[in-house]
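> Attaching a single structure in structure tokens format; questions to follow.
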Amino acid sequence: MKTFTTTAAAFFLSCAFVSPVFAFGAVATAVPADVARDGYSSGISYNFKTAREAEDRALQECQTTQDAPAETKKLCRVIQSFENQCVAVALDPQAGTPGAGWALGDTLALARSNALQRCEDTAGNDRRGECRITAEGCDGRAK
């Protein structure tokens, strides 16, 4: 019985180390010179096996945003890769306004808070309080 218990414990322990950890993410954005006129596009990814896979997915998300003009989507670039973090994107929902922001954080609450602050900083005084989280997620061990 002792041999079975030791063997079973070794098997389960080895499974813990063999199973892949999906902890990579990325942010891609398209920020034209005049966001109010030309729009904004972004894409995020999280829980990917490699940084490259996460970057490819974030770029694809940015390039296929429904509300962004085609010329703006051509500007999409990966701007940040991350591991074991949370990400949030915030936008002012009113068309023709410049409010947009994104952020990473060790927690989702921190990423949300910072993305909203960045959005409001670009939205201007008359649009304070109007920014909304439009995308968010955490990868790996981040919560």
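> Only one of (1) β-branched (Val, Ile, Thr); (2) at pLDDT 95 or above; (3) assigned to a helix (DSSP H, G or I) fails for Thr6. Which number is that?
The single condition Thr6 does not satisfy is (2).
> List the pairs whose first member sits in region 124-143 and is surrounded by fewer than 16 Cβ atoms within 10 Å (Cβ to Cβ), whose second member is among the acidic types (Asp, Glu), and whose Cβ atoms are under 8 Å apart, counting only residues at least 6 apart or on separate chains?
Arg128/Glu120; Gly129/Glu120; Arg132/Asp92
> Select the strands (runs of 3 or more DSSP E) contained entirely in region 38-143, then report the ones holding at least 2 residues which are small (Gly, Ala, Ser) and under 18 Å from Ala26 (Cα atoms). Quick ask: steps written out before the conclusion?
Values: elements: 41-48, 77-83, 86-91, 100-105, 132-138.
Per the criteria, 41-48, 86-91, 100-105, 132-138.
> If we keep just the residues of region 107-143 that are at pLDDT below 95, within 18 Å of Ala23 (Cα to Cα) and charged (D, E, K, R), which is farthest from the chain's Cα centre (by Cα)?
Result: Arg141.
> Looking at (1) closer than 14 Å to Gln80 by Cβ; (2) surrounded by 20 or more Cβ atoms within 10 Å (Cβ to Cβ); (3) without any contact (Cβ under 8 Å) to a residue 40 or more places away in the chain, can you tell me which one Ala51 breaks?
Among (1) closer than 14 Å to Gln80 by Cβ; (2) surrounded by 20 or more Cβ atoms within 10 Å (Cβ to Cβ); (3) without any contact (Cβ under 8 Å) to a residue 40 or more places away in the chain, Ala51 violates only (2).
> Please state which one of Gln80, Gln63 is free of Cβ contacts under 8 Å to residues at least 40 places away in the same chain and crowded, with 17+ Cβ neighbours inside 10 Å.
Working: Gln80 fails: free of Cβ contacts under 8 Å to residues at least 40 places away in the same chain.
Every option except Gln63 fails the conditions.
> Of the residues Ala100, Ala95, Ala111, which is within 26 Å of Lys49 (Cβ to Cβ) and of a type in the set (A, V, I, L, M)? Reasoning before the result, please.
Details: Ala100 fails: within 26 Å of Lys49 (Cβ to Cβ); Ala95 fails: within 26 Å of Lys49 (Cβ to Cβ).
After ruling out the rest, the residue left standing is Ala111.
> If you don't mind, there's one more thing I want to ask. With the checklist (1) free of Cβ contacts under 8 Å to residues at least 60 places away in the same chain; (2) touching a Cys at 6+ places or on another chain (Cβ under 8 Å) in hand, flag the one item Asp56 doesn't pass.
Checking Asp56 against (1) free of Cβ contacts under 8 Å to residues at least 60 places away in the same chain; (2) touching a Cys at 6+ places or on another chain (Cβ under 8 Å), the one that fails is (2).
> Kindly indicate whether any position in region 83-90 is out of contact with any Gly (no Cβ under 8 Å at 6 or more places or on another chain) and under 21 Å from Glu61 (Cα atoms). Walk me through how you get there before you give the answer.
Taking region 83-90 first, the residues out of contact with any Gly (no Cβ under 8 Å at 6 or more places or on another chain) are none.
Checked against the condition, which is being out of contact with any Gly (no Cβ under 8 Å at 6 or more places or on another chain) and under 21 Å from Glu61 (Cα atoms), region 83-90 yields no hits at all.
> Could you tell me whether region 46-62 includes any residue that is touching a Lys or Arg at 6+ places or on another chain (Cβ under 8 Å) and either farther than 18 Å from Pro32 by Cα or not aliphatic (A, V, I, L, M) (or both)?
yes
The values are calculated or read from the model by the stated rules, or taken from the named source; none is laboratory data. In this text, all values refer to a predicted model and were calculated from it rather than measured experimentally. For neighbour counting, all protein chains shown are included, and Cβ atoms are generated from backbone atoms with ideal geometry for every residue, glycine included.
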